[in-house]
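The structure appears right after this line, and notes come after that.
The values are calculated or read from the model by the stated rules, or taken from the named source; none is laboratory data. If you're wondering where the values come from, they're calculated on a predicted model, not measured in any experiment. Here the Cβ positions follow ideal geometry from the backbone for every residue, glycine too, while neighbour counts run over all protein chains shown. Each accessible area value is taken on the protein alone, full model and side chains, heavy atoms only, with ligands, DNA and RNA left out. Shrake-Rupley method; radii C 1.70, N 1.55, O 1.52, S 1.80 Å.
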Amino acid sequence: MRFTVAIDGPAAAGKGTISRAVATHFRFAHLDTGLLYRAVGAKVTEGADPVAAAEGLDLADLARGDLRSAEAGQAASRVAALPEVRAALVAFQRSFARREGGAVLDGRDIGTVICPEAEVKLFVTASDEERARRRWLELAAKGGTQSEAEILADLRERDRRDREREAAPLRPAPDALLLDTTELTIDAAVNKAIEAIELRQAQGRE
């Protein structure tokens, strides 16, 4: 059985949490595609060529302990704007998406570029201020020293760069379900996503 769930949205909107929960619920494989770009960005900050880093990426690179840092996020956004880097990672993502048993992929261009034929597409968003608060809490728990205001500025700059890039800009697919998590608990947001997927599965069986 091949069934693809594409979940897109800006940083700290909740798409990663929702994606992992959905994958667990349906026993689908999960790929956080942002880690691909974070891993490439991390290699570039160490002096690697962006395209060579993307072409040579393997699963071990996704296990690095520094990929969730704010610096890795900014580096990921910069390399993601390079068409050559995106092209090098497309085949890996598409192969994962159509694996037997179902797959959930979360990122910024899954429903629009990587898997435009995905059975379910969700676009997860939240207010800038709420996203900054969530990221600040997450980083502070790990010993981070950035202020909430600094994180808000970083998020807005990253959003601007992601929306304005020529290669696969951040935007919802025309047929994506918009899921605003600003006022939702984690459980409520996950339940809405599960309901949408179950509805699509039921329609597919008719």
Expressed in nanometres to one decimal, the distance between label points 7 Å along Cα→Cβ at Ala202 and Ala153 is 4.9 nm
Nearest-0.05 FRET efficiency for Asp128 and Ala167 at R0 = 30 Å, using Cβ-Cβ distance, is 0.80
Rounded to 0.05, the calculated FRET efficiency for the beta carbons of Ala91 and His25 at R₀ = 22 Å is 0.20
Which of Gln74, Gln93, Gln146 fluctuates most in a GNM of the chain (C-alpha springs under 10 Å)? That residue is Gln146
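Note down the net charge around Ala42, summing +1 for each Lys or Arg and -1 for each Asp or Glu among other residues with Cβ under 9 Å from its Cβ.
-1
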About its Cα centre, the range 1-62 carries a charge dipole, from +1 on Lys and Arg Cβ atoms and -1 on Asp and Glu Cβ atoms, whose size in debye to the nearest 20 is 420 debye
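Whole number please: convex hull volume per residue, Cα atoms of the chain, in Å³.
Value for the chain: 115 Å³ per residue.
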Inter-part gap, Cα centre of the range 6-42 to Cα centre of the range 180-201, in whole angstrom, is 15 Å
With the 1.4 Å probe rolled over protein heavy atoms, the chain has an accessible area per residue in Å² of 49 Å²
Put Thr145, Thr4 in order of accessible area, largest first, probe 1.4 Å, and you get Thr145, Thr4
Rounded to the nearest whole number, the Stokes-Einstein translational diffusion coefficient of the range 95-206 at 37 °C and 0.692 mPa s (Kirkwood radius, C-alpha pairs) in µm²/s is 205 µm²/s
In the chain the accessible area split gives carbon plus sulfur, as whole percent at 1.4 Å, a share of 52 percent
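Helix-only mean residue ellipticity at 222 nm, the chain, DSSP H runs n ≥ 4 weighted -39,500 (n - 2.57), per residue, nearest 500. What is it?
-17000 deg cm²/dmol
Note down the magnitude of the dipole of the range 50-206 about its Cα centre, charges +1 on Lys and Arg C-beta and -1 on Asp and Glu C-beta and zero elsewhere, to the nearest 20 debye.
180 debye
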Listed residues Ala149, Ala118, Ala173; largest mean-square fluctuation, Gaussian network over the chain with Cα springs below 10 Å, found at Ala149
Order by accessible surface, 1.4 Å probe, largest leading, for residues Arg98, Arg134 comes to Arg98, Arg134
Given 29-35, 161-167, the highest-first ranking by average Cβ count within 10 Å works out to 29-35, 161-167
